[in-house]
Amino acid sequence: MRAMEKFDVAIVGAGAAGLMCAAVAGQLGLRVVLIDHATRLAEKIRISGGGRCNFTNINAGPGNYLSENPRFCRSALARYTPRDFLDLLARHGIAWHEKHRGQLFCDESAEDIIEMLRRECAAGRVHWRMPCAVHTVAHTAAGGAHPYHLTTDAGHIAAKRLVVATGGLSIPKIGATDWGYRIARQFGLEIVEPRPALVPLMFDASTWAPFTGLSGLSLEVDVSTGKGRDAGNFLEDLLFTHRGLSGPAILQISSFWTPGQSITLNLAPTFDIEAALFEAKAASRRQLGNLLAQWVPARLAEAWVANSGLSPQARMQELSDKALRALAQAFSGWTLKPCGSEGWRKAEVTRGGVDTRALSSATLEARTQPGLHFIGEVVDVTGWLGGYNFQWAWASAVACARAMSEGMRAGQAGGDARS
């Protein structure tokens with residue numbers, strides 16, 4: 001094992017936030033070591049966006065994030081914007097495109113983002129310890145200017161500041177752990193209970209039996225849940241699965257959903273289905289199933305009518321006004337209660353994390369533990385689907401790196417003045 005090494009900053013976690021923080025801090029003159037237990041760098045970047053990395057959203061703003069302390073993210077997001085990240089891509093010659101509602105992707109591969117961050121770290125002369133597990137962290141006054149002592153696979157490391165960028169619990173197969181939460185608790189910080197977010201929802205077998213044959217079917221819906229500040233509402237694509245619902249609409253609403261709540265789906269969000277049904281009754285002798293198939297996929301129309309107790313072959317003129325109203329109300333307000341989600345295995349991100357009320361929004365530093373910072377997904381800031389979580393990673397990382405540099409310079413200036 002190596003003898004104790006000393007650094008200005010030790011960053012644990014070489015994902016999006018950790019890489020960005022290391023690169024910026026190093027380029028601002030700090031001596032940085034970046035530590036990660038994984039054998040492969042930035043796997044979450046690599047698999048994101050179908051391998052093309054949805055690296056930001058051009059519309060990213062505070063309103064696209066969930067937190068127990070919703071104003072917390074404002075400062076960092078304002079100081080490092082999607083346009084700033086696009087400028088970085090331009091300097092590295094990385095081509096990109098907008099796919100849907102402000103979502104930006106690499107033209108070629110997510111590997112372009114990883115390689116860019118690697119080069120940025122090289123420009124900052126960042127020291128690497130990977131794969132390398134951190135076994136213990138201690139803060140000791142006896143450490144003098146380097147009070148944070150880390151015991152690692154690569155030996156003992158002492159640092160002036162420690163940055164935790166270890167992410168949340170989502171996708172454990174690529175290395176997610178609760179290490180960051182354990183460090184937060186060790187130093188007296190509270191944790192907002194973590195739970196899976198951006199995740200498919202499941203329904204009990206009896207509820208879902210009429211719809212299992214619709215697996216793979218997709219359509220645009222309006223989905224909502226919750227009330228007041230916790231309410232969510234999205235117009236997105238829905239995907240039926242063998243066990244429940246997925247697709248962008250469900251991934252979005254899952255971040256707002258809590259166990260025991262219902263979700264409400266409007267399967268015909270772009271028009272007044274009740275008016276359309278009564279107009280069809282007055283003007284045609286078409287079968288109900290055929291009529292509904294004009295507006296939604298035929299398989300869904302057939303299953304929906306059958307589940308409503310009506311016959312798909314029923315002529316519109318044969319149906320009572322009461323039956324049509326009930327059908328329209330159910331179609332535009334289908335209320336379902338999920339029995340759970342697909343869990344950490346399928347969750348794209350973690351909702352909850354280190355309580356931001358314990359952190360400075362300007363520096364991401366713990367208020368009661370000088371020199372300890374938390375950035376990225378480990379913090380209780382969760383973005384919508386569509387590049388928002390990467391933007392939080394970049395923005396929180398840059399805010400932290402700049403603050404550490406300013407703090408070091410201020411400390412040096414103070415020391416010079418006293419000498």
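The values are calculated or read from the model by the stated rules, or taken from the named source; none is laboratory data. Bear in mind the structure is a predicted one, so any value in this text is a computation, not a measurement. Here the Cβ is made from the backbone with ideal geometry for all residues, glycine too, and neighbour counts use every protein chain on show. The protein model used for the area step is the full one, side chains on, heavy atoms only, and it has no ligands, DNA or RNA in it. Shrake-Rupley method; radii C 1.70, N 1.55, O 1.52, S 1.80 Å.
Just one of (1) buried (at least 19 other Cβ atoms within 10 Å of the Cβ); (2) in a loop (DSSP other than H, G, I, E, B) trips up His242, so point out which.
Result: His242 passes all but (1).
State all residues of the stretch 377-406 that are open to solvent by 30 Å² or more (accessible area, probe 1.4 Å) and either over 13 Å from Pro82 (Cα atoms) or among the aliphatic types (A, V, I, L, M) (or both); if no residue qualifies, say none.
The answer is Glu377, Trp384, Leu385, Arg402, Glu406.
Quick check, is Ala303 outside any strand (DSSP E or B), touching a helix residue (DSSP H, G or I) at 6+ places or on another chain (Cβ under 7 Å) and either among the β-branched types (Val, Ile, Thr) or open to solvent by less than 70 Å² (accessible area, probe 1.4 Å) (or both)?
Answer is yes for this residue.
What's the number of the only condition in (1) within 24 Å of Asp8 (Cβ to Cβ); (2) out of contact with any Gly (no Cβ under 8 Å at 6 or more places or on another chain); (3) part of a loop (DSSP other than H, G, I, E, B) that Ala395 fails to meet?
(3)
Taking the options Leu267, Leu288, name whichever one is more than 34 Å from the chain's Cα centre (by Cα), touching a residue at least 24 places away in the same chain (Cβ under 8 Å) and within 23 Å of Leu217 (Cα to Cα).
Leu288
Scanning the stretch 181-216 for residues that are of a type in the set (Ser, Thr, Tyr) and touching a strand residue (DSSP E or B) at 6+ places or on another chain (Cβ under 8 Å), which turns out least open to solvent (accessible area, probe 1.4 Å)?
Result: Tyr181.
Yes/no matrix, rows are residues, columns are (1) touching a residue at least 12 places away in the same chain (Cβ under 8 Å); (2) outside the structural domain of His373 (by the TED database):
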| site | (1), (2) |
| --- | --- |
| Ala184 | yes, no |
| Ala209 | no, yes |
| Gly216 | yes, yes |
| Glu220 | yes, yes |
| Thr225 | yes, yes |
| Leu238 | yes, yes |
| Gly247 | yes, yes |
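Out of (1) at positive phi; (2) open to solvent by 20 Å² or more (accessible area, probe 1.4 Å); (3) under 16 Å from the mean Cα position of the chain (by Cα), what's the single condition that is false for Gly29?
Among (1) at positive phi; (2) open to solvent by 20 Å² or more (accessible area, probe 1.4 Å); (3) under 16 Å from the mean Cα position of the chain (by Cα), Gly29 violates only (3).
If I filter the stretch 96-123 down to residues being touching a helix residue (DSSP H, G or I) at 6+ places or on another chain (Cβ under 8 Å) and small (Gly, Ala, Ser), which single residue comes out as least open to solvent (accessible area, probe 1.4 Å)?
Here the answer is Ala110.
Quick check on the stretch 312-319. Is at least one of its residues in a loop (DSSP other than H, G, I, E, B), free of Cβ contacts under 8 Å to residues at least 60 places away in the same chain, hydrophobic (A, V, I, L, M, F, W, C) and over 24 Å from Gly247 (Cβ atoms)?
So far as the stretch 312-319 goes, yes, one or more of its residues are in a loop (DSSP other than H, G, I, E, B), free of Cβ contacts under 8 Å to residues at least 60 places away in the same chain, hydrophobic (A, V, I, L, M, F, W, C) and over 24 Å from Gly247 (Cβ atoms).
Could you list all residues from the stretch 361-376 that are touching a residue at least 12 places away in the same chain (Cβ under 8 Å) and open to solvent by 30 Å² or more (accessible area, probe 1.4 Å)?
Ser361, Ala362, Thr363, Glu365, Thr368
Against the conditions (1) assigned to a helix (DSSP H, G or I); (2) at pLDDT below 95; (3) surrounded by 16 or more Cβ atoms within 10 Å (Cβ to Cβ), where does Ile250 fall short? Just the number, please.
(2)
Taking the condition of a type in the set (A, V, I, L, M, F, W, C), touching a strand residue (DSSP E or B) at 6+ places or on another chain (Cβ under 6 Å) and open to solvent by less than 10 Å² (accessible area, probe 1.4 Å), does Leu150 pass?
Here the answer is yes, as Leu150 does meet what is asked.
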